[in-house]
Amino acid sequence: MSEPELRADRVLYSFFPPSERENTMSIQAINVRNQFKGKIREIIRGDVVSEVDVETAWGIVTSVITTRSVDELQLKIGSDVVALVKSTEVSIAKL
């Protein structure tokens, strides 16, 4: 993955070399602002969904994604990834 090209409120990534781009669907832009670059620390595989722990500079981010996605992305422990966090709700807990 190449370094991101920053533009105002979006980050552009190029995941594939130019020769492969025409035969694949790649992300050209994304509007998710909460992005955490890290390495996969643990994968707990299930039949349908898997839990993926990503170690970032800010702590562990856990994602539950389909096991098919884990396989298609060829995720494994130590893979460099970006955890994208998009939420329509923020909950509050009293301390």
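The values are calculated or read from the model by the stated rules, or taken from the named source; none is laboratory data. Bear in mind that the values here come from a model prediction, so they are computed numbers and not experimental data. Quick reminder, even Gly has a Cβ in these numbers, built from the backbone with ideal geometry, and neighbours come from all protein chains shown.
Brief remarks follow.
- Qualifying residue in region 41-49 (condition: in contact with a strand residue (DSSP E or B) (Cβ under 9 Å, 6 or more places away or on another chain), modelled with pLDDT of 90 or more, loosely packed, with under 10 Cβ neighbours inside 10 Å and among the hydrophobic types (A, V, I, L, M, F, W, C)): yes
- Qualifying residue in region 21-37 (condition: among the hydrophobic types (A, V, I, L, M, F, W, C), assigned to a strand (DSSP E or B) and modelled with pLDDT of 75 or more): yes
- Flag: Thr88 does not match the condition of being surrounded by fewer than 14 Cβ atoms within 10 Å (Cβ to Cβ), assigned to a strand (DSSP E or B) and hydroxyl-bearing (Ser, Thr, Tyr).
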